[in-house]
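Working notes for the structure below.
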There are 2 protein chains.
Amino acid sequence: MTQLLKVQNFTVSADGYGAGENQSFEHPFGDADPSEMFVWAGATASWPNRTDAGGSRGLDDYMTRDFHHNIGAEIMGRNKFSPHRGPWEDHSWRGWWGDEPPFHTPVFVMTHHPRPDFTLGDTSFHFVDDEPAAVLGRARGAAQGKDVRLGGGATTIREFLDADLVDTLHVAVHPGLTFGHGTRLWESPDELRDRFHLDVVPSPSGVVHHLFWRK
Amino acid sequence: MTQLLKVQNFTVSADGYGAGENQSFEHPFGDADPSEMFVWAGATASWPNRTDAGGSRGLDDYMTRDFHHNIGAEIMGRNKFSPHRGPWEDHSWRGWWGDEPPFHTPVFVMTHHPRPDFTLGDTSFHFVDDEPAAVLGRARGAAQGKDVRLGGGATTIREFLDADLVDTLHVAVHPGLTFGHGTRLWESPDELRDRFHLDVVPSPSGVVHHLFWRK
């Protein structure tokens, strides 16, 4: 049975940036404002951080509730895991997500500065210094037959696209935001049309969902 | 935790019919041709009857792969279960779906002509002669905290809408088909706007997904 590598709910500005410059503890998306970027997802009933019983159940909710569908592992870049750069000064940083990270699977963090694995809730973090294909091999092994989510950021997604390892991508483009600089996924979604089918689906919420699958 | 009652992947003609007249063993949808109606769903990777590894993974696939998401039971009308009318002559009819029905949960069949429950694969069929609210109560109890799917047909969905028991509906409208007669869900989706939010989402495949959720 095929184990797909999938990008899900990755949100970019109209000019293709997944985050701004100057990432820090206070600003995980750098100069970009995540509350603006993810307003489409935060309004849905299935948004993992929702604390009340409300929320929309239209198109955008199909996207957020698909997040865990048949996913057995995640791969992320170090900058999604942490604002630190270079060797770890200590191991007290355990991600942005508190004691119950929203992944609930093994997570493989790509970094040139390995550190010991650890577990938080039902999420385990594994630090790997390897090529995309090798990391994907480890993630597939940990996923127990299920698919693997490629969690980002944009630089990490680009590495896996360049290695032709991505099977499907869902990218939400926010037409009202332009960053001009930061970490960029693309200049235009049309760059991927040679290798992927593409459904372009405007949402009533304002974002435009781009759904790619391998030709 | 709320247990929703959900209509999923219900397909109607441009004039709102879920099936034609003259249902029979050979023609489960009567005069309507299911291969035309469900071409949008059959093209997707997650269509339950797919036997090869292909299929699209765009918008329509989000709809078909959501079919089992958090569903713990289904309610259907007798005409979805069987082409027979009136008292059961015998109990040899066990549904249209062969030895492995695609539900994988308890299924409650609404009929004035009860018959013994039975199990096929991991689907159990229960025959109930009761009002919508009572049937929903039984289905919720069987769903073990999960949501309940309202499987149709159109007449059954109308009964639950009239009793104001439906929380979400996904109806795919096929703009290229008009039946003129049969079992009708609506004259227009606008009839439900007083009680439901509605996202109208045209798919690149040609159908128009109507996603309703309760106000």
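The values are calculated or read from the model by the stated rules, or taken from the named source; none is laboratory data. Values in this document were obtained by computation on a predicted structure and should not be read as measured data. All Cβ positions, even for glycine, are placed from backbone atoms using ideal geometry, and neighbour counts span all protein chains on display. In case anyone asks, the SASA skips ligands and DNA or RNA and just uses the protein heavy atoms, side chains included. Shrake-Rupley method; radii C 1.70, N 1.55, O 1.52, S 1.80 Å.
Could you derive backbone 3J(HN,Hα) for the stretch B:204-215 from the dihedral phi with the Karplus parameters 6.51, -1.76 and 1.60 (θ = phi - 60°), listing whole Hz in sequence and x where the residue is Gly or Pro?
So the J values, rounded to whole Hz, are x, 6, x, 6, 10, 6, 10, 10, 9, 9, 4, 6.
Loop sites only, by DSSP: take the GluC sites (Glu not before Pro) in chain B that have at most 13 other C-beta atoms within 10 Å and name the longest stretch containing none of them.
My reading of the result: B:90-186 is the longest stretch.
Over the residues of the stretch A:1-97, compute the C-alpha Rg and express it relative to 2.2 N^0.38 Å.
Here the Cα radius of gyration is 1.23 times the empirical estimate.
Label B:GLN144 and A:VAL128 with points 7 Å out from Cα along Cα→Cβ: what is the distance between them in nm?
3.2
In whole Hz, with x marking every Gly and Pro, tabulate ³J(HN,Hα) for the stretch B:92-108 from phi via Karplus 6.51 cos²θ - 1.76 cosθ + 1.60, θ = phi - 60°.
Here the 3J(HN,Hα) series is 6, 6, 10, x, 7, 9, x, 7, 10, x, x, 8, 6, 8, x, 10, 9 Hz.
Pick from A:ALA133, A:ALA73, A:ALA172 the residue whose mean-square fluctuation is largest in a GNM of chain A, springs joining Cα atoms under 10 Å.
Of A:ALA133, A:ALA73, A:ALA172, the Gaussian network model singles out A:ALA133 as fluctuating most.
Evaluate the distance, in nm, between pseudo-label points positioned 7 Å from the Cα of B:ALA14 and of B:SER92 along their respective Cα→Cβ axes.
Inter-label distance under the simple model: 4.3 nm.
For A:ARG149, list long-range residues whose amide hydrogen, built 1.01 Å from N in the peptide plane, is under 5 Å from its own amide hydrogen.
Placed amide hydrogens put A:LYS6, A:GLY72, A:ALA73, A:GLU74, A:ILE75 under 5 Å from A:ARG149.
Looking only at chain A, where both bridge partners belong to it, what percent of the DSSP beta bridges are antiparallel (to the nearest 5)?
Just about 45 percent of them are antiparallel.
Given contacts defined as C-alpha pairs under 8 Å and at least six residues apart, what's the relative contact order of chain B, whole-number percent? If you can, show how the numbers build up before the last one.
Working: 430 pairs, mean separation 68.0, N = 215.
That works out to 32 percent.
Assuming R0 = 22 Å, what is the FRET efficiency of B:THR178 and B:SER24, from their Cβ-Cβ distance, to the nearest 0.05? Spell out each step's value before the answer.
Values: r = 22 Å, r/R0 = 0.98.
Efficiency for this residue pair is about 0.55.
With every protein chain kept in place and ligands, DNA and RNA left out, what is the accessible area per residue of the stretch B:25-141? Probe 1.4 Å, answer in Å².
48
Using protein chains only and a probe of 1.4 angstrom, how many square angstrom of A:ARG85 are accessible, to the nearest 10?
130
Which value, in Å³ per residue, describes the convex hull spanned by the Cα atoms of the stretch B:145-215?
109
If contacts are Cα pairs under 8 angstrom and at least 6 residues apart, what is the relative contact order of the stretch A:150-214 in percent?
On the way: 71 pairs, mean separation 26.2, N = 65.
Worked out over the stretch A:150-214, it gives 40 percent.
With every protein chain present, what accessible area does B:LYS80 have (1.4 Å probe, heavy atoms only), rounded to the nearest 10 Å²?
60
With a 1.4 Å probe, what is the total accessible area buried between chains B and A, in Å² rounded to the nearest 100?
Between B and A, the summed buried area is about 1900 Å².
Would you mind working out the magnitude of the charge dipole of the stretch B:97-215 relative to its Cα centre, with +1 at each Lys and Arg C-beta and -1 at each Asp and Glu C-beta, to the nearest 20 Debye?
Using Cβ point charges on Lys, Arg, Asp and Glu, the stretch B:97-215 gives about 160 debye.
Longest segment of chain A with no chymotrypsin sites (Phe, Trp or Tyr not before Pro) in a DSSP loop having at most 16 other Cβ atoms within 10 Å?
A:98-215
Find out how many positive minus negative residues lie around A:THR119, taking Lys and Arg as positive, Asp and Glu as negative, among other residues whose Cβ is under 13 Å from that of A:THR119.
-3
Run the dipole for the stretch B:1-153 about the Cα centre, Lys and Arg Cβ at +1, Asp and Glu Cβ at -1, nothing else charged, and hand back the magnitude in debye, nearest 20. Write down the numbers at each step before the final one.
Numbers: 13 positive and 21 negative charges, 109 e Å.
Around 520 debye, computed over the stretch B:1-153.
Specify the inter-centroid distance of the stretch A:71-139 and the stretch B:136-215, based on alpha-carbon positions, in whole Å.
Taking the Cα centre of the stretch B:136-215 as reference, the centre of the stretch A:71-139 is 42 Å away.
Which of these, B:ALA53, B:ALA43, B:ALA163, has the largest mean-square fluctuation under a Gaussian network model of chain B (Cα springs below 10 Å)?
B:ALA53
For chain A, modelled as a GNM with alpha-carbon contacts under 10 angstrom, which of A:PRO132, A:PRO28, A:PRO204 fluctuates the most?
Greatest mean-square fluctuation among the candidates belongs to A:PRO204.
If you take every residue apart from B:HIS209 with its C-beta less than 9 Å away from the C-beta of B:HIS209, what net charge results, scoring Lys and Arg +1 and Asp and Glu -1?
Computed value for this residue: -2.
For the stretch A:55-66, what does the Karplus curve 6.51 cos²θ - 1.76 cosθ + 1.60, with θ = phi - 60°, yield as ³J(HN,Hα) per residue in whole Hz, taken in order and with x for Gly and Pro?
x, 6, 10, x, 4, 4, 5, 4, 5, 6, 7, 7
Which value does Rg/Rh take for the stretch A:79-120 over its C-alpha atoms, Rh per Kirkwood?
0.91
Need one number: nm distance between label points at B:ASP99 and A:ASN70, each 7 Å from Cα along Cα→Cβ, rounded to one decimal.
Between B:ASP99 and A:ASN70, the simple spin-label model gives 2.4 nm.
Using a 1.4 Å probe on the protein chains only, how many percent of the accessible area of the protein assembly as shown belongs to carbon and sulfur?
Heavy-atom surface of the protein assembly as shown belonging to carbon and sulfur, 1.4 Å probe: 50 percent.
Normalised by the empirical 2.2 N^0.38 Å for globular proteins, what value does the Cα Rg of the protein assembly as shown take?
That works out to 1.07 for the protein assembly as shown.
Using the beta-carbon distance between B:ARG214 and A:ASP117 and R0 = 30 Å, what value does 1/(1 + (r/R0)^6) give for FRET efficiency, to the nearest 0.05?
For B:ARG214 and A:ASP117, the calculated efficiency is 0.10.
So for chain B, considering every pair of alpha-carbon atoms, how many percent are separated by more than 24 Å?
On the way: 9438 of 23005 pairs.
Here the tail beyond 24 Å accounts for 41 percent of pairs.
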